[in-house]
Amino acid sequence: MRNRGAAPEHGGDAAVRDRGAVPERAPEPASERRVAPPVRASRATVTGGAFAVVPTPDDGVRRSDQQVWDESTRPTGPAPDPDRTYTPQEQATGAHLVQIHDGLRAELAQIHDLIEQVAAGEIDAGAARSHINTMTMRQNRWTLGVYCESYCRIVTTHHTIEDQSFFPRLRAHDPRLGPVVDRLEQEHHVIHDVLEGVDRALVAYVGSPDGLAGLRAAVDLLTDALLSHLSYEERELVEPLARLGVA
């Protein structure tokens with residue numbers, strides 16, 4: 001894992017995600033039997049009125065026995081004004097964060113799908129390379145390890161942008177959000193440590209035929225932490241983003 005503030009080697013993919021764009025995917029071979037779970041579409045209504053952006057709920061499913069934080073200690077921001085209305089542009093501003101997060105969720109589902117296919121022996125090395133070649137986060141070497149590493153780098157970049165630009169503006173516009181922003185920044189540091197664990201598991205995976213189990217465990221822990229964090233961030237920030245006009 002690299003320095004949290006370092007820019008990714010291939011910045012184009014990260015930039016696309018941080019603009020909330022929906023990545024294009026080449027068609028997958030018909031012979032592949034597993035597909036990643038669908039990602040819920042997250043869009044605001046195009047008309048003004050009551051706030052219509054729905055944060056992604058935490059379904060409570062956990063893959064790992066480990067817990068990296070106490071979710072019950074998370075602070076909550078100010079309640080929205082029930083009488084306030086929002087313009088279509090404000091609605092779209094609130095939905096933008098959910099759209100970015102949906103891209104991260106989709107790519108994480110792809111990692112799990114590849115791990116299970118490799119573990120089940122359903123795809124050989126050549127097929128795996130071909131499959132990864134169709135994904136949005138592709139490098140010069142088509143391996144599961146490189147794909148995971150790319151994903152970790154994109155998550156780190158996303159969090160760095162939030163810490164250095166996005167969160168300070170929220171604090172400045174509404175100081176009542178300070179405790180929530182502080183907690184989100186703390187969770188970014190915890191997730192960084194989890195990403196370091198994925199990095200170590202990737203090294204073991206490349207060097208040992210038994211390394212896939214450790215990689216799966218590391219990705220499971222990342223999944224629990226990241227999905228919980230993304231849901232919490234959306235719950236607390238999508239309405240303030242629309243209300244304050246912070247993009």
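Structural remarks
- Derived scalar couplings ³J(HN,Hα) [the stretch 71-87; Karplus, 6.51 cos²θ - 1.76 cosθ + 1.60; whole Hz; x for Gly, Pro]: 5, 5, 8, 5, x, 10, x, x, 5, x, 6, x, 9, 7, 10, 10, 6
- As a calculated quantity, the FRET efficiency between Gln89 and Gln164 at R0 = 30 Å, using C-beta atoms, amounts to about 0.75.
- The Cα-based radius of gyration of the stretch 196-238, divided by its Kirkwood radius, gives an Rg/Rh of 1.21.
- Built amide H within the under 5 Å cut-off of Ala52, gap 5+: Thr45
- Once the chain from Arg171 to Glu196 is taken as fully extended at 0.36 nm per residue, the excess over their C-alpha distance is 6.1 nm.
- Cβ-defined net charge surrounding Ala50, 12 Å radius [Lys, Arg +1; Asp, Glu -1]: -3
- Overall Cα dimensions of the stretch 154-195 - principal axes, largest extent first, Å: 31, 16, 9
- Electrostatic dipole magnitude of the stretch 148-225 [Cβ: Lys, Arg +1; Asp, Glu -1; Cα centre; debye, to 20]: 200 debye
- Full-extension gain in nm, Ala109 to Arg62, via 0.36 nm per residue minus C-alpha separation: 15.5 nm
- Accessible area in square angstrom per residue, the stretch 175-247, 1.4 angstrom probe: 37 Å²
The values are calculated or read from the model by the stated rules, or taken from the named source; none is laboratory data. Please read all numbers here as calculations on a predicted model, not as lab measurements. We place every Cβ from the backbone using ideal geometry, glycine too, and count neighbours over all the protein chains shown. Note: accessible area is taken over every heavy atom of the protein model, side chains too, but ligands, DNA and RNA are not part of it. Shrake-Rupley method; radii C 1.70, N 1.55, O 1.52, S 1.80 Å.
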